[in-house]
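A.B. asks: A single structure is presented below for examination.
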Amino acid sequence: MMDDEYVKNLAYQLRWRRMPEPVVAQTLQEVRAESEAAQHTPADLFGPAKSYADSFAKGTTISKGSWIITVAVSVAVLLVLGRVITSFATAAESNPLFSILTLLGALAIVFIGAIIGATVDHRIPRGVE
C-alpha cells in the first residue's frame with residue numbers, strides 16, 4: 001500500500017535534513033518496497049515522515065529548494081537595499097508609494113520563492129517508483 005503524500009513529505013523532510021539526493025532516492029525506494037512487501041502504509045511501518053527522517057544523521061547537501069529560497073531572499077534584500085541607497089543618493093523627497101511598492105515586491109519575491117522551493121523539495125526523485 002503506497003501513500004504518495006507520505007513519500008513526498010519524507011522526501012521533503014530528508015532534504016530539509018540536508019541529505020544528498022541519491023540517499024533521498026534510495027531511502028524512498030526502500031520505504032516503497034518495504035511498504036508494498038508488508039502491505040501496510042509507510043506511516044504504519046515507519047511512523048510520521050518527520051520522525052523517520054529525524055532518525056537519519058544530518059547531511060551537508062543543500063537542496064534545490066533551499067537554493068531557490070536563498071536566491072529569492074537575496075534578490076529581495078538587494079531590491080530593498082537598492083531602494084534605500086537610491087533614496088539616500090538622491091537626497092530628495094521620495095514618494096512613499098514607491099517605497100511601499102518596493103517592500104511589497106520584495107515580500108512577494110520571498111513568498112513566491114518559498115512556495116517554489118517547498119514544491120521543488122516535495123517532489124519524488126526520478127527513478128523512484
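A.B. asks: Mind listing whichever residues of region 84-125 are under 22 Å from Gly65 (Cβ atoms) and of a type in the set (D, E, K, R)?
C.D. replies: Passing the criteria: Asp121, Arg123.
A.B. asks: Does Ala118 meet the test of being in contact (Cβ under 8 Å) with a residue 60 or more places away in the chain and under 17 Å from the mean Cα position of the chain (by Cα)?
C.D. replies: Numbers: in contact (Cβ under 8 Å) with a residue 60 or more places away in the chain: yes; under 17 Å from the mean Cα position of the chain (by Cα): yes.
Spelling it out, Ala118 is indeed in contact (Cβ under 8 Å) with a residue 60 or more places away in the chain and under 17 Å from the mean Cα position of the chain (by Cα).
A.B. asks: Could I ask something else about it? Kindly check whether there is at least one residue in region 71-79 that is in contact (Cβ under 8 Å) with a residue 24 or more places away in the chain and touching a Pro at 6+ places or on another chain (Cβ under 9 Å).
C.D. replies: Let us first name the residues in region 71-79 that are in contact (Cβ under 8 Å) with a residue 24 or more places away in the chain, namely 71-73, 75-77, 79.
Next cut, touching a Pro at 6+ places or on another chain (Cβ under 9 Å) only: none.
Within region 71-79, none of the residues are in contact (Cβ under 8 Å) with a residue 24 or more places away in the chain and touching a Pro at 6+ places or on another chain (Cβ under 9 Å).
A.B. asks: Ok, one more. Out of all the residues in region 110-127, which are farther than 20 Å from Gln29 by Cα and aliphatic (A, V, I, L, M)?
C.D. replies: Selection gives Val110, Ile112, Ala114, Ile115, Ile116, Ala118.
A.B. asks: Continuing with this model, one more query. Please list, ordered by residue number, the helices (runs of 4 or more DSSP H) wholly in region 15-115 having 1 or more residues that are open to solvent by 50 Å² or more (accessible area, probe 1.4 Å) and either farther than 26 Å from Asp3 by Cβ or touching a Cys at 6+ places or on another chain (Cβ under 6 Å) (or both).
C.D. replies: Where helices (runs of 4 or more DSSP H) fall fully within region 15-115 and carry at least 1 residues being open to solvent by 50 Å² or more (accessible area, probe 1.4 Å) and either farther than 26 Å from Asp3 by Cβ or touching a Cys at 6+ places or on another chain (Cβ under 6 Å) (or both), they are 64-90.
A.B. asks: Another question, if that's okay. Can you confirm whether Thr27 is over 30 Å from Ile112 (Cβ atoms) and of a type in the set (Ser, Thr, Tyr)? Quick ask: steps written out before the conclusion?
C.D. replies: Values: over 30 Å from Ile112 (Cβ atoms): no; of a type in the set (Ser, Thr, Tyr): yes.
Here the answer is no, as Thr27 does not meet what is asked.
The values are calculated or read from the model by the stated rules, or taken from the named source; none is laboratory data. This one's a predicted model, so the numbers in the text were calculated from it and none came from an experiment. Note that we place each Cβ from the backbone using ideal geometry, even for glycine, and neighbour counts take in every protein chain shown. Heavy atoms of the whole protein, side chains included, go into the accessibility calculation; ligands, DNA and RNA do not. Shrake-Rupley method; radii C 1.70, N 1.55, O 1.52, S 1.80 Å.
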